[in-house]
Amino acid sequence: MAKETKKEPLIRLTKRDGMPAYKKLLIRCISLLMACVICGFVIYAITGLNPVEVYSTMVSGAFGTRTRIWSTVKEMMMLACIAIGLAPAFKMRFWNIGAEGQVLVGGIVTAGCMIYLRALPPIVLFSLMFVVSAAAGALWGLLPAVFKAKYNTNETLFTLMMNYVAIQLTSFFVAKWENPFGSNTVGVINQNSQEGWFPPVMGSRVFMSADIVLILAVLMFVYLKYTKHGYEISVVGESENTARYAGISVGWVTIRTMLLSGAICGLAGFMAVAGASHTISTSTAGGRGFTAIIVAWLAKFDSGAMLLISLLLAFLQSGAGEIASKCKLNSYASEMITGIILFFILGSEFFINFKLMFRKHGKEEA
Amino acid sequence: MKKRVVAALMAGIMVFGVAGCEAGGAESTIGAEGEKGNSIKIGAILVGDENEGYTYAHIEGIKKAAAATGIAEDNIIWKYSVPEDESCETAAKDLVDQGCSAIFSNSYGHQSFMQQVASEYPDVSFVAMTGDTAAASGLDNFSNAFTKIYESRYVSGVVAGMKVAELVADNKLGAENYDANGNVLIGYVGAYPYAEVVSGYTAFFLGVQSVYQNVSMEVTYTNSWFDITAEGEAANALMADGCVIIGQHADSTGAPSAVQAALDSGKVAYSVGYNVDMLNVAPTAALTSATNNWSVYYKHAFEQVLSGSRIDTDWAEGYSEDAVAITTLGPSVAEGTADKVSEVISGIKDGSIHVFDTSKFTVGGDQVSTFALPDGYECISDGYFHESEHVAAPCFSLRIDGIKELN
């Protein structure tokens with residue numbers, strides 16, 4: 001007990017495990033509430049606006065009308081799809097920063113199909129776009145994986161660099177397909193004939209993408225939790241040496257997982273182009289490839305949680321736009337609100353994982 | 001401890017709740033006050049917000065026009081910082097849902113999405129400002145509008161030309177300011193390499209040449225409408241090449257600020273801006289800026305919406321309707337500039353000056369006598385290029401002699 005002679009720090013951190021689910025939920029709810037209160041103070045201090053009104057504006061901005069609900073759902077599904085794609089890679093501790101590029105190449109080939117193969121029957125066209133976009137994304141994921149498996153290159157840098165290649169490729173094709181000529185944009189592809197567009201179901205084209213993403217979410221959940229592949233991924237993620245000792249081929253698991261990860265991100269590009277924008281530009285991925293990393297990590301790669309967090313982020317984004325419109329706050333103000341809320345959510349994870357122990361003055365520890 | 005936190009939270013919520021009631025009450029009285037005039041709703045989809053010169057000019061134009069036509073400011077619904085992608089489609093649909101009768105977007109890249117929504121909602125009018133496909137779309141509720149900004153660019157070129165002539169007469173230029181053929185070098189920071197920008201810098205160049213013939217111009221593109229850093233760097237690169245005037249067709253203050261810094265460090269360089277008065281950021285370097293007076297168009301369009309008639313498919317006016325202007329002349333302009341400017345403006349108004357007079361420029365050493373648009377319209381007749389007459393958006397995309405695109 002030599003330790004007792006040392007002065008005890010004011011606050012000590014201890015890792016804690018096995019907090020009951022209801023308590024975790026409670027902590028998260030409290031942190032969300034606190035974020036709202038702090039935001040309220042900030043909003044009032046800076047703008048003098050009534051925070052309750054600002055919040056209700058956000059809610060109506062995200063869910064107020066049919067159009068807005070679909071738009072929020074669309075954003076949510078895009079984020080969720082990319083996060084689902086990233087989940088297996090990150091679970092394997094393969095730092096796939098390249099989702100942005102994988103989405104873009106998926107989008108490029110989809111746009112290419114819509115432009116050159118519009119004459120095909122819809123079912124053939126859709127199947128083809130589905131397959132080639134997944135293949136393009138998979139290729140973009142495969143390259144860094146092969147180099148990692150063979151030469152142990154740094155996948156963080158490699159996948160990041162692949163983004164820039166994809167962005168340049170996109171610029172190239174935008175210039176090639178620009179319409180009208182000289183506008184530097186591709187414009188809406190097949191604007192009148194709508195070939196290769198997702199058909200509207202229940203009044204929105206988002207319905208189809210949402211279904212695809214939900215199916216992917218379920219499949220990914222099962223894949224990671226109940227299959228041998230999923231188990232291998234978590235073993236490699238925990239410790240490569242353990243994996244080798246257990247006879248798992250780390251290189252092959254890396255390549256296989258990145259093929260899958262890239263393919264799903266490529267599909268996100270397919271949905272972004274055929275299901276939503278019907279055009280391609282360097283902003284097609286729009287930074288979602290990076291935001292989705294936060295989603296995947298916060299959700300600890302759980303499909304349901306990924307959907308929920310995507311919904312929260314999509315809500316914040318749609319809501320922020322409406323605040324700018326209604327309350328005459330510019331977008332920087334709404335970004336601050338988003339930032340504060342995210343800060344608290346991330347912060348709550350800290351309190352779930354660690355316990356703060358205060359120095360007791362002669363009192364017994366509780 | 002836990003109880004105390006909860007109590008604090010509750011207190012906070014209650015405070016906000018009470019504040020909410022008060023603010024709500026106050027607002028409803030304001031709403032009642034503004035209820036005269038008409039109840040028509042206008043939607044505005046803007047590529048930036050009030051912090052960006054181009055969009056600021058649109059916001060001011062819309063507000064002014066609304067006041068003039070009796071549209072309450074509460075009935076204008078703003079969508080700020082809408083990127084040129086499907087967000088524009090969502091924004092337009094949302095404005096339809098909110099009951100707007102007419103929806104205006106202010107950037108070129110919004111156009112195809114506006115057209116898409118226009119085809120789905122035939123009862124609402126859509127205007128893609130600066131666009132060019134309305135006539136070809138065949139939609140009754142879809143329009144384009146632009147100003148004849150090339151006229152004010154020409155005039156801003158005249159201001160620059162006066163300055164160049166003065167600098168030459170006063171022997172202020174060094175060898176680095178001339179090209180191999182003895183022409184004074186001027187520069188231009190453009191956004192994108194397409195007709196809108198080409199038309200603008202050509203008009204500017206011809207304006208300079210109308211005063212001082214022996215100039216040659218270098219153009220650098222930033223591939224962005226608004227990028228302070230890139231515009232500043234482009235201006236610095238052009239000044240390093242020896243350019244003494246830096247014109248611009250990009251929306252930030254990057255170039256004028258860079259020119260002011262260079263001038264302060266002893267270089268000979270002056271700036272001609274766009275959209276807004278640049279004297280704030282470049283008090284001695286800024287000569288003037290070419291600017292649009294958007295309220296002229298918005299007033300015209302709002303009146304058409306109010307009377308229930310179709311908004312003009314293509315609208316483009318310039319000095320004749322006061323839809324374009326140049327901003328206050330800076331302290332560094334050459335002597336006699338103000339008189340020269342008003343002379344040129346009245347020349348443009350009475351038709352004695354045509355900006356794109358085909359006798360004033362050559363392409364590949366030859367005069368140009370024909371330029372057909374994709375739909376077969378012949379732009380060149382009566383000795384000049386009829387810019388923004390057939391369609392609102394600029395279509396002059398000829399690369400004339402004396403101008404060099406660097407990238």
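Each distinct pair of alpha carbons in region A:41-197 adds a 1/r term; the inverse of their mean, the Kirkwood radius, is 18.7 Å. Charges were assigned to the Cβ only: +1 to each Lys and Arg, -1 to each Asp and Glu. The resulting dipole of region B:42-147 about its Cα centre is roughly 300 debye. The C-alpha atoms of region B:103-194 occupy a region whose extents along the principal axes are 63, 21, 18 Å, arranged from largest to smallest.
Dipole of the protein assembly as shown, Cα-centred, from +1 at each Lys and Arg C-beta and -1 at each Asp and Glu C-beta, to the nearest 20 debye?
Numbers: 52 positive and 72 negative charges, 1055 e Å.
The dipole of the protein assembly as shown has a size of about 5060 debye.
In order along region B:368-384, phi translates into HN-Hα couplings of 9, 10, 8, 8, 9, 7, x, 8, x, 5, 8, 7, 9, 7, 6, x, 8 Hz, rounded to whole numbers, per the Karplus curve 6.51 cos²θ - 1.76 cosθ + 1.60 with θ = phi - 60° and x for Gly and Pro. Debye-formula intensities of chain A, expressed as log10 I(q)/I(0) at q = 0.06, 0.14 Å⁻¹, are -0.28, -1.22 (one equal scatterer per alpha-carbon, no solvent). Inter-part distance, region A:258-273 to region A:135-190, computed on C-alpha centroids, equals 12 Å. Residues with beta-carbon under 11 Å from that of B:E166, excluding B:E166: net charge, scoring Lys, Arg +1 and Asp, Glu -1? Result for the neighbourhood of B:E166: 0. The packing ranking of peptides B:344-354, A:21-31, A:212-222, A:280-290, highest mean first, is A:280-290, A:212-222, B:344-354, A:21-31, where packing means the average number of other beta carbon atoms within 10 angstrom of each residue.
Tell me the net charge near A:F315. Cut-off is 13 Å between Cβ atoms, A:F315 excluded, with +1 for each Lys or Arg and -1 for each Asp or Glu.
Values: positive: A:R68, A:K74; negative: A:E75, A:E322.
Once positives and negatives cancel, what remains is 0.
Cβ under 12 Å from A:A246's Cβ, A:A246 left aside: what net charge do those residues give with Lys, Arg +1 and Asp, Glu -1?
Numbers: positive: A:K228, A:R244; negative: A:E232, A:E238, A:E240.
So the environment of A:A246 carries a net charge of -1.
Mean separation of Cα pairs under 8 Å and 6+ residues apart, divided by the residue count of region B:242-373: what relative contact order is that in percent? Can you show the working numbers first?
Numbers: 167 pairs, mean separation 22.9, N = 132.
Averaging sequence separation for qualifying contacts and normalising by length gives 17 percent for region B:242-373.
Largest GNM mean-square fluctuation across A:N190, A:N353, A:N330, computed for chain A with C-alpha springs under 10 Å, falls on A:N353.
Please report, to one decimal in angstroms, the Kirkwood hydrodynamic radius of region B:42-147 built from all distinct Cα-Cα pairs.
Mean inverse Cα-Cα distance, inverted, gives 13.5 Å.
Across chain A, Cα pairs under 8 Å and at least six residues apart give a relative contact order of 36 percent. Within 10 Å of the Cβ of each residue in A:266-276, the mean number of Cβ atoms contributed by other protein chains is 1. Normalised by residue count, region B:90-132 yields a Cα convex hull volume of 62 Å³ per residue. Counting Cβ atoms of other protein chains within 10 Å of each Cβ in B:78-87 and taking the mean gives 6. Of the peptides A:140-151, B:171-182, A:119-130, the ranking by mean beta-carbon count within 10 Å, highest at the top, reads A:140-151, A:119-130, B:171-182.
The calculated FRET efficiency for A:K150 paired with A:S239, based on their beta-carbon distance and R0 = 30 Å, is about 0.90. Inter-label distance, A:E335 to B:S320: 4.4 nm, where each label sits 7 Å from its Cα along the C-beta direction. From largest to smallest, the equivalent ellipsoid semi-axes obtained for region B:179-229 from the alpha-carbon gyration tensor read 23, 13, 8 Å.
Taking N as the residue count of region A:207-315, its C-alpha radius of gyration divided by 2.2 N^0.38 Å amounts to 1.20. Proximity of backbone amide H atoms, modeled 1.01 Å from N, is registered between B:F226 and B:D251 at under 5 Å, excluding neighbours fewer than 5 places apart on the same chain. A simple rule links phi to the HN-Hα coupling: the Karplus curve 6.51 cos²θ - 1.76 cosθ + 1.60 with θ = phi - 60°, which for region A:343-348 gives 4, 5, 5, 5, x, 5 Hz, with x for Gly and Pro. When the alpha-carbon atoms of region A:22-114 are used, the pair Rg, Dmax equals 19.0, 52 angstrom. Mean-square fluctuations from a GNM of chain A, with a 10 angstrom spring cutoff on Cα atoms, peak among A:P51, A:P199, A:P20 at A:P20.
Treating r as the C-beta distance of A:M357 and A:E178 and R0 as 56 Å, the FRET efficiency rounds to 0.35.
Can you tell me how region A:130-266 classifies by the Cα gyration tensor, rounded, prolate or oblate, using a/c under 1.5 as the rounded cut?
Details: a/c = 4.07, a/b = 1.60, b/c = 2.55.
It is oblate, given that a/c is not under 1.5 and a/b is not larger than b/c.
Region B:279-407 gives an Rg/Rh value of 1.02, both radii derived from C-alpha positions and Rh following Kirkwood. Only Cα sites of chain B enter the Debye sum here, all with the same form factor; the resulting log10 I(q)/I(0) across q = 0.10, 0.14 1/Å is -0.70, -1.20, listed in q order. A cut-off of 5 Å between modelled amide H atoms, ignoring neighbours fewer than 5 places along the same chain, links B:I77 with B:I42, B:G43, B:A44.
Measuring between their Cα centroids, region B:134-212 and region B:353-379 lie 16 Å from each other. The H on the amide N of B:S143, modeled in the peptide plane, is under 5 Å from the matching H of B:F126, B:V127, B:A128, each at least 5 residues off or on a different chain.
Taking the protein assembly as shown on its own, what percent of its Cα-Cα pair distances exceed 45 Å?
Of all Cα-Cα distances in the protein assembly as shown, 35 percent exceed 45 Å.
Simple point charges give the picture: +1 on the Cβ of Lys and Arg, -1 on the Cβ of Asp and Glu, and for region B:149-263 a dipole about the Cα centre of about 240 debye. Within the listed set A:S133, A:S71, A:S183, the Gaussian network model of chain A (springs between alpha-carbon atoms below 10 Å) gives the highest mean-square fluctuation for A:S183.
Taken one residue at a time, the phi angles of region B:357-365 give Karplus couplings (6.51, -1.76, 1.60, θ = phi - 60°) of 5, 5, 7, 9, 8, 10, 10, x, x Hz. Gly and Pro are set to x.
Within 10 Å of each Cβ of B:109-116, how many other protein chain Cβ atoms are there on average? It would help to have the intermediate numbers written out before the result.
On the way: counts 7, 0, 5, 11, 6, 0, 4, 6.
Mean partner-chain Cβ count within 10 Å for B:109-116: 5.
Throughout, read-outs are computed from the coordinates displayed, never taken from laboratory work. Here the structure is a predicted model, which means the values were calculated and not measured. We place every Cβ from the backbone using ideal geometry, glycine too, and count neighbours over all the protein chains shown.
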